[in-house]
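Here's the structure, in structure tokens; my notes come after.
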Amino acid sequence: MSHKRIPKRKAAIAAGGVVALGAAAILLPNANASQDGASNDAAAAPKTLKAADASDLASQLAGLLGESFAGSYYESDSQQLVVNVISGDNNNVVVQAKKAGAKVREVANSLTELEAGAQTLKTKATIPGTSWAVDPKTNKILVTADSTVTGAKWDRLESTVDGLGSSMATIKKSAGTFKTFVSGGDAIFGGGARCSLGFNVTAGDGSPAFLTAGHCGVAAEQWSDAEDGQPIATVDQATFPGDGDFALVKYDDPATVAASEVNVGGGQTVQISEAAEAAVGQEVSRMGSTTGLNDGQVLGLDATVNYPEGTVTGLIQTDVCAEPGDSGGSLFTQDGLAIGLTSGGSGDCTAGGETFFQPVTTALEAVGATLGAGDAAGGAGDEAGGAGAGDAGAGDAGAGDAAGGEEAGAGDAAGGEEAGAGAGEEAGAGQEVGGEEAGAGQEAGGEEAGAGEEAGAGDQTGTGEDTGVEGGSGLTESH
């Protein structure tokens, strides 16, 4: 395939980089005072912040306040950071947080207590089809169970949550099933499965590469930008399940160079400048080859999800919808921050549901890569038939032409091509689910999961079921 040449960036973004706020300036007390010595009221007024800046400030306050810090979240409407502090703590804690520009709220549960509760859930209720994450808005652990958690499994989960106490945890049912979503922005194909490219990066050795979902990376070793096309990239590292869901896939052509951007369809792209930590309450966008561009909000951080293939920790929980084929796609902000890679979830883009994402900052640090076209962080190189190739996809067309610019193909992203959305994301394709390889591209129960199919390739453990929470990564699309 041809490769569209794009000027190299002067400097690659540091792995896990976050928008700089100028910590010293933000945390310095406001020195202004009225002439009679009274503090200026403006000194305690919450600052108006962008979501990324709020996330950075929250990290600073977590270190400054120590054990008094009990989490934080971002109010999109007011553009303010809300910081939780333990009730009854020294008033100086509140003063410090307010001077830093945050809105302060006193709560009952400390982070240590909430983390202990999460550990209890891990020990007593690690059940496929469940997830949990700390919700700073309620100062509780939010436990979610999908439709497969019934009978004895539900009783066990409910008993564990009740044991933590109503002031510590809450539980809710999800109508769908938790599964990995295979497919994505600019489509990529491997072993019969279809995934999405997340973001173009530069590997630690300077070679061009892209990030996608780990369950895609373990499903197939080589990936193409067109169905039945020649491989253009090879998996270098993949993690799934376990401490994340991410893979680094290196382009086979060392001369590949592509833009750091996401193709959002209609000839439009979003330039990606940096990787940033997510903040609860933050407005985000997701691009995928099956469902295109969808928006939503971050609901929780450091989420634990129990997929049929195994437990994955450290994810971002959102209310952004996704469907089979969207795995590995990009989660980003409209002002150009790379936030996550689509992992999995439940529901669809008609009824809604929960979707989980691998934080980009964590993935970059783990694989030793930098975001952007640093030296050659190119994408697949050419425009997928005008699908915004090179936008955010694997290379120009992200995973390329995506079957020659087909809708499910790279870049088309279901009418909202995602050029960078996660090419390569395979919903857990290829993983052994219950001993069977649900593998990307395998026939899920004899059905071709095809681009955008509900069960996704290899979703099931060969049972032929559509959801496969017990059987496999439901969103891997097979062909």
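Would region 67-77 turn up any residue that is crowded, with 19+ Cβ neighbours inside 10 Å, modelled with pLDDT of 90 or more and part of a helix (DSSP H, G or I)? Outline the logic, then answer.
Of all residues in region 67-77, those crowded, with 19+ Cβ neighbours inside 10 Å come to 68-74.
Those still in the list that are modelled with pLDDT of 90 or more too: 68-74.
Applying the additional criterion that residues be part of a helix (DSSP H, G or I) yields 68.
There is at least one residue in region 67-77 that is crowded, with 19+ Cβ neighbours inside 10 Å, modelled with pLDDT of 90 or more and part of a helix (DSSP H, G or I).
Is there a residue in region 141-154 that is acidic (Asp, Glu), over 16 Å from Glu67 (Cβ atoms) and in a helix (DSSP H, G or I)? Lay out the reasoning, then the answer.
Restricting attention to region 141-154, the residues satisfying the condition of being acidic (Asp, Glu) are 146.
This time we only want the ones that are over 16 Å from Glu67 (Cβ atoms), so: 146.
With the extra rule that they be in a helix (DSSP H, G or I), the set shrinks to none.
No: zero hits.
Pick out the one residue from Thr160, Thr123, Thr150 that is closer than 30 Å to His215 by Cα and touching a residue at least 12 places away in the same chain (Cβ under 8 Å). Give the derivation first.
Numbers: Thr123 fails: touching a residue at least 12 places away in the same chain (Cβ under 8 Å); Thr150 fails: touching a residue at least 12 places away in the same chain (Cβ under 8 Å).
Answer to the check: Thr160.
Residues in region 243-266 that are in contact (Cβ under 8 Å) with a residue 24 or more places away in the chain and out of contact with any Gly (no Cβ under 7 Å at 6 or more places or on another chain): how many?
We begin by selecting, within region 243-266, every residue in contact (Cβ under 8 Å) with a residue 24 or more places away in the chain; these are 243-251, 253-266.
Applying the additional criterion that residues be out of contact with any Gly (no Cβ under 7 Å at 6 or more places or on another chain) yields 248, 250, 253-255, 266.
Matching residues across region 243-266 total 6.
Of all residues in region 229-252, which are more than 18 Å from the chain's Cα centre (by Cα) and surrounded by 24 or more Cβ atoms within 10 Å (Cβ to Cβ)? Outline the logic, then answer.
From region 229-252, those more than 18 Å from the chain's Cα centre (by Cα) are 229-236, 250-252; that's our starting set.
Matches in region 229-252: Ile232, Ala233, Tyr251.
In the list Ala203, Ala169, which residue meets the criterion of being more than 21 Å from Cys321 (Cβ to Cβ), assigned by TED's automatic domain parsing to the domain that holds Thr313, surrounded by 21 or more Cβ atoms within 10 Å (Cβ to Cβ) and small (Gly, Ala, Ser)? Give the derivation first.
On the way: Ala169 fails: assigned by TED's automatic domain parsing to the domain that holds Thr313.
When all the criteria are applied, what remains is Ala203.
Please determine whether any residue of region 280-297 is surrounded by fewer than 24 Cβ atoms within 10 Å (Cβ to Cβ), more than 28 Å from Gly117 (Cα to Cα) and free of Cβ contacts under 8 Å to residues at least 40 places away in the same chain.
Looking for residues that are surrounded by fewer than 24 Cβ atoms within 10 Å (Cβ to Cβ), more than 28 Å from Gly117 (Cα to Cα) and free of Cβ contacts under 8 Å to residues at least 40 places away in the same chain, one finds at least one in region 280-297, hence yes.
In region 78-106, which residue that is part of a loop (DSSP other than H, G, I, E, B) and aliphatic (A, V, I, L, M) is modelled with the lowest pLDDT?
Taking region 78-106 and keeping what is part of a loop (DSSP other than H, G, I, E, B), we get 78-79, 87-90, 100-102.
Subsequent filtering for residues that are aliphatic (A, V, I, L, M) retains 100, 102.
Values: Ala100: 89, Ala102: 94.
Across region 78-106, the extreme among qualifying residues is Ala100.
Working only within region 340-355, note down all residues that are in contact with a Phe, Trp or Tyr (Cβ under 8 Å, 6 or more places away or on another chain) and not in a loop (DSSP other than H, G, I, E, B).
Gly340, Leu341, Thr342, Ser343, Gly344, Gly345, Thr355
Can you list residue pairs whose Cβ atoms sit under 8 Å apart, with the first residue in region 35-58 being at positive phi and modelled with pLDDT of 85 or more and the second being in a helix (DSSP H, G or I) and not charged (D, E, K, R)? Count only pairs 6 or more apart in sequence or on different chains.
Pairs found: none.
Just name the residue that is nearest to Val82 (Cα to Cα) out of those in region 115-134 that are buried (at least 21 other Cβ atoms within 10 Å of the Cβ) and of a type outside the set (Gly, Ala, Ser).
This residue is Val134.
Name the residue, out of Asp186, Asp252, that is over 25 Å from Asn306 (Cβ atoms), of a type outside the set (S, T, N, Q) and at pLDDT below 90.
Values: Asp252 fails: at pLDDT below 90.
That would be Asp186, the only listed residue that is over 25 Å from Asn306 (Cβ atoms), of a type outside the set (S, T, N, Q) and at pLDDT below 90.
Sort through Ala219, Ala238, Ala233 and tell me the only one that's without any contact (Cβ under 8 Å) to a residue 40 or more places away in the chain and closer than 23 Å to Arg286 by Cβ.
Numbers: Ala219 fails: without any contact (Cβ under 8 Å) to a residue 40 or more places away in the chain; Ala233 fails: without any contact (Cβ under 8 Å) to a residue 40 or more places away in the chain.
Answer to the check: Ala238.
The values are calculated or read from the model by the stated rules, or taken from the named source; none is laboratory data. Just so it is clear, the structure is predicted and the values come from calculations on it, not from any experiment. All Cβ positions, glycine included, derive from the backbone under ideal geometry; neighbour counts span all protein chains shown.
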